[in-house]
Amino acid sequence: MAYSILMIEKGVARLTLNRPEVHNAFDDSLIAELNEHLNRLHVLAEAGEVRAVVLGSEGKSFSAGADLNWMKRMVDYDLKDNLADSRKLATLMHGLDTLPCPTLCRVQGAAFGGAVGLAACCDVVVASVKAKFCLSEVKIGLSPAVISPYVQRALGERQMRRYALTAEVMDAPTALALGLAHQVVELDALEDAVDAMLATLLAGSPQAQRATKALLASVVQSPDSDATREHTCQVIARLRVSQEGQEGLSSFFEKRRPVWAESNNTSNASERRS
C-alpha cells in the first residue's frame, strides 16, 4: 500500500503523507515514494504544468519523524548502509527545497525530527494552534544532521543551537515567533487558511515565481558580490521583456487581472460549482 498520495488538479499538486496509524512516521519506503513524486513534480513545475505544491498529511499528526521499526533495522546497519540511507533523506530534503514552484506546508499537529525539516524546506508554513515542533534527535543519541541546513535557515543560528541541543518542544506560537511557521490558526480554520494562502500564491506570475525562487537561492550564497549584483540585474531585465512580464505590466496599467489570475479564478469558480 502506498504511504503517500500525489494528486494534481488544475495546476495544484497535493502531496500527502498517508500513514496516520503511525502518525505519518517515515521510513525508507516512504522516503523512496516521496523522492519519486518530487522528481515528477520538478519536471511538471519547470514546464509550468504545476503552479504550486501543498504538502500535508492525514490524521492528527503531521509526522512523528522516523518510524520505530525502521530505526530498529538501522541498529544493524553498518556505516556504508547508514550513509546510503542518509543520502536518500538528503535527496528528499533537497528535492523539496528546490522545487521551482511555490510550496505550502500544512501542519495540523506534531512535527518531530525529520518532519521539522520537511516544514523548513517549504516556502510557506501554515500551522494549527495544536501543532508542535521538536528537533528530538539528541535525546536518542543522534543529530538533526541532514535537515540542519534547512531548519537553521528558518530559525537562525542562535535559536537553532538552543532547540537542536535541548530537544525542547516548540508550540505553534513559538514556531511562529521564531520564523519556522508563517501563520497559525485554530484547527477548524486550517483548511480555509491553507486555501486562502494558496489563492494568494496562485495570483502571482508563474514565471516570476520560478525566477524569484531561483534568484533567492542564488543570492543567499553571496549576497554582496559583483556577480550577485549583475545576476539580479539580469533576472529583472529578462522578466521585464518576457511575455508574462509584459502581460503583468500591461494588466497593472490597464487595471485588469493578468491572464494567469483570470485562468486561476475560472478554475476556482468551476471547483466551487462542482
GNM flexibility winner over the chain from Leu68, Leu34, Leu55 (Cα, springs under 10 Å)
Leu68
What are the DSSP H helices in the chain that stretch 15 Å or more along their long axis, judged by alpha-carbon atoms, and whose average Kyte-Doolittle hydropathy comes to at least -1.0?
28-46, 79-97, 190-202, 206-219, 226-241, 243-253
Dipole of the chain, Cα-centred, from +1 at each Lys and Arg C-beta and -1 at each Asp and Glu C-beta, to the nearest 20 debye?
400 debye
Take the Cα of Ala90, step 7 Å along the line toward its Cβ, and report every residue of the stretch 196-236 whose backbone nitrogen sits under 11 Å from that point.
none
For Ala66, other-chain or 5+-apart residues with amide H closer than 5 Å (H placed, Pro excluded) are Phe26, Gly114
Stokes-Einstein translational diffusion, the stretch 1-109 - Kirkwood Rh over all Cα pairs, 1.002 mPa s, 20 °C, in µm²/s:
147 µm²/s
Length gained when the stretch Glu168-Ala145 is fully extended (0.36 nm per residue, less Cα-Cα span):
6.6 nm
Is the C-alpha gyration tensor of the stretch 115-188 telling us rounded, prolate or oblate? Criteria: a/c under 1.5 is rounded; beyond that, a/b larger than b/c is prolate, otherwise oblate.
prolate
Rg followed by Dmax, in Å, when the stretch 160-214 is reduced to its Cα trace
15.4, 42
Length-normalised contact order for the chain - Cα pairs under 8 Å, 6+ apart - percent:
15 percent
Sort all Cα-Cα distances of the chain into consecutive 10 angstrom bins from zero, then give the percent of pairs in each bin up to the one containing the longest distance.
6, 27, 34, 22, 9, 2, 0
To the nearest µm²/s, what D does Stokes-Einstein give for the stretch 58-211 at 20 °C and 1.002 mPa s, using the Kirkwood radius over alpha carbon pairs as Rh?
132 µm²/s
Could you work out the equivalent-ellipsoid semi-axes for the stretch 71-135, taking the square root of 5 times each eigenvalue of the Cα gyration tensor, largest first, in whole Å?
26, 17, 6
Using Cα springs under 10 Å in a Gaussian network model of the chain, which residue among His42, His23, His231 shows the largest mean-square fluctuation?
His231
Going toward the positive end of the dipole of the chain, with +1 on Lys and Arg Cβ and -1 on Asp and Glu Cβ, which of Leu15, Asn82, Tyr163 do you reach last?
Tyr163
If you add up the charges near Pro258, with Lys and Arg at +1 and Asp and Glu at -1, over every other residue whose beta carbon is less than 12 angstrom from its beta carbon, what do you get?
-1
Looking only at Tyr77, Tyr163, Tyr150, which one moves most when the chain is put into a Gaussian network model with springs between Cα atoms under 10 Å?
Tyr77
Which cross-chain or sequence-distant (5 or more) residues have an amide H under 5 Å from the amide H of Cys105, H modelled 1.01 Å from N in plane?
Leu55, Val124, Val125, Val126
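Laboratory data are not the source of any read-out in this text; all were calculated from the coordinates shown. On a predicted model such as this, the values are computed, not experimentally measured, just so you know. Counting neighbours? That spans all protein chains shown, and the Cβs are built from the backbone with ideal geometry, glycine included.
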